[in-house]
Each structure stands twice: as C-alpha cells, then as structure tokens.
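The values are calculated or read from the model by the stated rules, or taken from the named source; none is laboratory data. Remember, predicted model here, so these are calculated numbers, not experimental data. When we count neighbours, we look across all protein chains shown, and the Cβ atoms used for this are built from the backbone with ideal geometry, even at glycine.
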Amino acid sequence: MYWLAHDMGAAGPTPPLLREGQRRIAADPGLAAAMVRIFNHDLRPSEVFTPTFFVATMAQALRHGRGQRRAIMRDARTAAVDELRRRRARRSMAPGAVAGVLGSRRADRRPRDLSPA
C-alpha cells in the first residue's frame, strides 16, 4: 500500500505509463471499486495490479502515446526494476516485519480490546 501511494502521489508531472494506468482505472468501474478496496485495506495492490494489468496498460500507452514511446519504455523499465527491488526487500525482511511494514488485510486483523483497564 505504501509503494502504491508513493508512486501515485509523486511530485512532478505524471509519467505517461502511470497516466494510462489511471485512465484505465477511471474508465473501468471494476478497477475503480478495486482501488477503493485497496485504500480500505481489503485488497493488496498486488492482487489488482498484476503483470497482466501492467502489460495491457503498457500496450495501451504505446498505442495512445505515439510521440512518447521512448518515455513509456523508460517508465516501464523503471517500474519493473522498482518492483523487483521491492520484492527482494520484502523477501529479506523478517516474516513478522512484512505485515507491519507492508500492511495487512483488514479481514486478517484482530480487533483490539478497547475496554478500560
């Protein structure tokens, strides 16, 4: 969740590949609903933004962004390298640290005891 928010809210102009992904989300009610579920911690970003989503988004970006193909390919390479780096970092963490850092699903959380002590 952290990395999704980091990538979506980065300062500066929106890269063409991310812009195409945002267009797909806005155009598809199912993807828009999935985004809400991600923000509610009901779904993990990796359950929605799969390699298939990435390839289809890249294909649409290349089709629509004729003058920006080099920038789109650079964005795709950067996104792939970032994802590999993040997965490697996740693997090297202690198992208990992964849930705390990367967030867990709301359904997996235990309710806190809010009764007075």
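One table, with the values for the structure above:
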| item | result |
| --- | --- |
| Residue selected from the range 1-27 under the condition part of a loop (DSSP other than H, G, I, E, B) and farther than 18 Å from residue 71 by Cβ, by the criterion modelled with the highest pLDDT | 9 |
| Sole exception among (1) under 25 Å from residue 90 (Cα atoms); (2) loosely packed, with under 13 Cβ neighbours inside 10 Å for residue 4, by number | (2) |
| Filter result (within 19 Å of residue 84 (Cβ to Cβ) and touching a helix residue (DSSP H, G or I) at 6+ places or on another chain (Cβ under 8 Å)) within the range 3-46 | 3, 4, 7, 15, 17, 18, 21, 44, 45 |
| Selection from the range 58-88 of residues that are more than 19 Å from residue 14 (Cα to Cα) and free of Cβ contacts under 8 Å to residues at least 12 places away in the same chain | 84, 85, 87, 88 |
| Of residues in the range 40-57 being touching a residue at least 40 places away in the same chain (Cβ under 8 Å) and not in a helix (DSSP H, G or I), the one nearest to residue 17 (Cα to Cα) | 49 |
| Given (1) touching a Pro at 6+ places or on another chain (Cβ under 8 Å); (2) modelled with pLDDT of 85 or more, index of the condition residue 65 fails | (2) |
